[in-house]
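To start, the structure itself, in structure tokens.
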């Protein structure tokens, strides 16, 4: 059996959907604006429309269910989002019920945290395929993470495991948006890395960033650092290397705790790939016990932001396997 | 069925064994000197003698197997110790084969890391019983740890998960015996905490420790700090509180990653319990994401070092369950 499912990425500005065939991945993709300003009911109507529209592209086949990725907390049953940070004003919304009501049938619907789905998508369709277990890191506005264990999401006690971005690596460091001192997000989050870059570059007039980032480097972004680094800008490379060092420190702590030595790095900033990752590969060895130094691999996700939709659809395939009594892998 | 098994604690100076009945715990205990200086074969003979001797105390009943706890690395199959740090000169020793040969029968034998077994013992016989999943911390000469998930040991990829003591909380901190900067062991390990206490107290002449720890406080130990703290010594309490703060920082990182919010603290230094643990309860809240602040519990193990032998015997009961097709819990 090579079933079809729909994977959805519920973003703050766009809702993206993909029809996914288990063994091949994407069949077709479609998207619309979220229009979150009109409130949950309006957005739910739009998701239902998108599901109908994309399901219609497989007229002769059953679509077995819908997986939905959203940032923030998800309940254990995978039915509801809990105050998704990209949709202000939403409380707890049971997406399964709301969509089943709109679609007029008991189509299986599963909701999961977007970083977890990036990991699950990577595990089954992306760079994570060779690894039964790995740590997923997503570098974007913030730093997200997931633990993939035996090709499934390690969920912890309430479904909220994998908050890697808020693990501290320096208890006396700067605080992040959750008030946690020295978390990896307080080094690699877009705002924090930009600020560090600005301060470092103010006294490095030779950097090309000065021509890119406006007055006093106020407009500096991590992507500018990446672009400059690609063109050989030494100060930009140093800054990305500094960030990669911190990433490696944090991965070392994770590897000691989990004994999972494979890492996949995704998200927008992962484009800055090797400048960050090479430094992480070096520092991680300094922060793991000697027995763990071997067999560490830090790889870059190749799927881009698509990984999440594939992971979302895979939740449905996993459900079909469980129903059929197969092991989750 | 309420079967019997033998749990063994393979220490550097003593080998301790217990006959354990599944539903009741300890039936009888026995111990002998390790005499490790005579090499592996001699120690294996002594373990076999101890097994025969303690099994003879249940003449009319089957002993279903032997679990053995040892420090350091264990192979995935749970047959062998790999260079146990308390038995210098041992390489990889297959305890299962060696003991089956000596005992002349195919008695099930399982080896596991001692901190993991302290966790498993706590999960089934100790303070961890109310918690399906929890983080075990053992405070002794070093800092050990284990992840108990769904009442079993989370083993990672090679069986070496739970090296919590070497997770860094300060990438620029002092290095531990594995060369890892700012690991929790570099704060709470016996040597490190003693040194910190010494430096702090040299300018605190009012502390009672000056009468306990010899010239220039050279003989200071964490247990002295605990004893003085119990008698109301303020400087000693401050030092243990400092240590507890660091413990909480590290637990915060673990809780963010695992979403496992229950913690059991065991090991010799856990006697210093509330002075350390109260501070950890406070600081842990500062180092977890807001959603994780609730439902955190940090409890003290009540079994003492016995927990490991009970966990060792439980490996056998778990094996019996798996053979019978039951879930591991």
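The values are calculated or read from the model by the stated rules, or taken from the named source; none is laboratory data. Quantities reported herein were computed from a predicted structural model and do not represent experimental measurements. No Cβ is skipped: glycine too gets one built from the backbone with ideal geometry, and neighbour counts run over all protein chains shown.
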**Item:** Those residues of the range A:163-182 which are within 7 Å of another protein chain (Cβ to nearest Cβ), in a loop (DSSP other than H, G, I, E, B) and closer than 16 Å to residue A:196 by Cβ, in sequence order
**Value:** A:169
**Request:** Name every residue in the range B:221-265 that is more than 30 Å from residue B:151 (Cα to Cα) and either in contact (Cβ under 8 Å) with a residue 60 or more places away in the chain or in contact with a strand residue (DSSP E or B) (Cβ under 9 Å, 6 or more places away or on another chain) (or both), in order of residue number.
**Result:** B:222
**Prompt:** Looking at the range B:80-96, is at least one residue at pLDDT below 95 and on the phi > 0 side of the Ramachandran plot?
**Reply:** yes
**Residue check for residue B:23: assigned by TED's automatic domain parsing to the domain that holds residue B:96 and part of a loop (DSSP other than H, G, I, E, B)** = yes
**Request:** Check A:240, A:220 and return the single one that is farther than 21 Å from residue B:287 by Cβ, assigned by TED's automatic domain parsing to the domain that holds residue A:163 and in a helix (DSSP H, G or I).
**Result:** A:240
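What residue, among those in the range B:1-20 that are part of a loop (DSSP other than H, G, I, E, B) and closer than 17 Å to residue B:320 by Cβ, is farthest from the chain's Cα centre (by Cα)? Break it down into steps so the answer makes sense when it comes.
Initial filter on the range B:1-20 (part of a loop (DSSP other than H, G, I, E, B)): B:1-3, B:11-13.
Retained after the next criterion (residues that are closer than 17 Å to residue B:320 by Cβ): B:1-3.
Working: B:1: 29, B:2: 26, B:3: 25 Å.
Only one residue tops the list, namely B:1.
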**Request:** Just give me the residues in the range B:45-73 being within 30 Å of residue B:2 (Cβ to Cβ), surrounded by 12 or more Cβ atoms within 10 Å (Cβ to Cβ) and touching a helix residue (DSSP H, G or I) at 6+ places or on another chain (Cβ under 8 Å), in sequence order.
**Result:** B:47, B:48, B:51, B:63, B:64, B:65, B:66, B:67, B:68, B:69, B:70
**Prompt:** Restricting the range B:270-293 to residues that are assigned to a loop (DSSP other than H, G, I, E, B) and in contact (Cβ under 8 Å) with a residue 24 or more places away in the chain, which is surrounded by the most Cβ atoms within 10 Å (Cβ to Cβ)?
**Reply:** B:288
**Message:** Every residue in the range A:26-44 that is loosely packed, with under 15 Cβ neighbours inside 10 Å and part of a helix (DSSP H, G or I), please.
**Reply:** A:37, A:38, A:41, A:42
**Asked** Within the bounds of the range B:227-242, is there any residue that is crowded, with 21+ Cβ neighbours inside 10 Å, closer than 24 Å to residue A:182 by Cα, in contact with a helix residue (DSSP H, G or I) (Cβ under 7 Å, 6 or more places away or on another chain) and more than 14 Å from chain A (Cβ to nearest Cβ)?
**Response** yes
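Is the range A:193-200 home to any residue that is buried (at least 24 other Cβ atoms within 10 Å of the Cβ), more than 23 Å from the chain's Cα centre (by Cα), more than 14 Å from chain B (Cβ to nearest Cβ) and without any contact (Cβ under 8 Å) to a residue 60 or more places away in the chain? Walk me through it before giving the result.
From the range A:193-200, those buried (at least 24 other Cβ atoms within 10 Å of the Cβ) are A:193, A:197; that's our starting set.
Adding the requirement that they be more than 23 Å from the chain's Cα centre (by Cα) leaves A:197.
Okay, now just the ones that are also more than 14 Å from chain B (Cβ to nearest Cβ), so A:197.
Next, from what is left, pick out any that are without any contact (Cβ under 8 Å) to a residue 60 or more places away in the chain: A:197.
Taking every residue of the range A:193-200 in turn, at least one turns out to be buried (at least 24 other Cβ atoms within 10 Å of the Cβ), more than 23 Å from the chain's Cα centre (by Cα), more than 14 Å from chain B (Cβ to nearest Cβ) and without any contact (Cβ under 8 Å) to a residue 60 or more places away in the chain.
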**Message:** So, in the range A:275-305, exactly how many residues are touching a strand residue (DSSP E or B) at 6+ places or on another chain (Cβ under 8 Å) and within 28 Å of residue A:194 (Cβ to Cβ)?
**Reply:** 14
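Name every residue in the range B:247-264 that is in contact with a helix residue (DSSP H, G or I) (Cβ under 8 Å, 6 or more places away or on another chain) and more than 7 Å from chain A (Cβ to nearest Cβ), in order of residue number. Full working, then the answer.
Here is the first cut: in the range B:247-264, the ones in contact with a helix residue (DSSP H, G or I) (Cβ under 8 Å, 6 or more places away or on another chain) are B:247-261, B:263-264.
Correct list: B:247, B:248, B:250, B:251, B:255, B:263, B:264.
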**Item:** Options A:267, A:304, A:311; residue that is surrounded by fewer than 18 Cβ atoms within 10 Å (Cβ to Cβ), more than 14 Å from chain B (Cβ to nearest Cβ) and either within 30 Å of residue A:229 (Cα to Cα) or under 14 Å from the mean Cα position of the chain (by Cα) (or both)
**Value:** A:304
**Asked** Counting residues that are within 19 Å of the chain's Cα centre (by Cα), more than 13 Å from every other protein chain (Cβ to nearest Cβ) and buried (at least 24 other Cβ atoms within 10 Å of the Cβ), which strands (runs of 3 or more DSSP E) fully inside the range A:90-161 reach at least 2?
**Response** A:109-113, A:134-139
**Prompt:** Which residues, counting only those in the range B:271-285, are touching a helix residue (DSSP H, G or I) at 6+ places or on another chain (Cβ under 7 Å) and within 14 Å of chain A (Cβ to nearest Cβ)?
**Reply:** B:279, B:280, B:282, B:283, B:284
